[in-house]
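What follows is a single structure, written as structure tokens, with notes after it.
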Amino acid sequence: MIDLQLDGGGTMKVAEGVFDRAYNEALVHQAVVAFLAGARGGTRAQKSRSDVAGGGRKPWRQKGTGNARAGSNRSPLWRGGGRAFAARPRNFAKKVNRKMYRGALRSLLSELYRRGCLHIVEELSVPEPKTKLLVGKLRDYDFDSVLIVTPEPDENIMLAANNLPGVGVLPANRLDPVNLMRFGNILASRVAVEKIQKWLA
């Protein structure tokens, strides 16, 4: 077990394997690439010559017209014809084992804590979904951008953060490597960190 410093004083004990890992750049890169690839829709589609309408007969006879030979008006050479190499829907997903994915998150969280970018507070909530209430909570920090990690989906904080540029909100069990790297700082409550530890331990 190791001690993590809480903003405002105090410490909390956490598992060494979650917040004290060496930074594995190759593993983090693999997890980020897989996460972004899985987010791609892969729905792009174009029509090939077999998909477009027409082409039932030869446009003109083979010889004697002075024109180039043509067998179908669906040819990619013709206006309105099909694409030569038409795009088809495809799945861009890349497989990353659960153990590797969680290892990448542990590596990232450890590096963020070492750099002083992981801020832990005793409690983090707003009584109403009002932006000014959340701004008041963040006023003590000089964040360019921050990801707020909540123990459970918190509608008040999510709605309050909607109008704040550079502020994101995620529940502890929905953390991903892309958002951990996208935001300059992570702000989490003690309970959220305990949930992250339970998930990744």
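Return a yes/no flag: does the stretch 24-46 have any residue that is assigned to a loop (DSSP other than H, G, I, E, B), within 30 Å of Lys195 (Cβ to Cβ) and touching a Ser or Thr at 6+ places or on another chain (Cβ under 8 Å). Yes; the residues of the stretch 24-46 include at least one that is assigned to a loop (DSSP other than H, G, I, E, B), within 30 Å of Lys195 (Cβ to Cβ) and touching a Ser or Thr at 6+ places or on another chain (Cβ under 8 Å).
Please go through the stretch 81-110 and pick out each residue that is among the charged types (D, E, K, R) and farther than 30 Å from Gly17 by Cα. Arg83, Arg88, Arg90, listed by residue number.
For Arg57, state whether it is under 31 Å from the mean Cα position of the chain (by Cα), basic (Lys, Arg) and outside any helix (DSSP H, G or I). Here the answer is no, as Arg57 does not meet what is asked.
Quick note: the coordinates plus some simple rules give every number you see, no bench work behind them. These numbers come from a predicted model, not from an experiment. Heads up, the Cβs are rebuilt from the backbone with ideal geometry, glycines too, and the neighbour counts pull from every protein chain shown.
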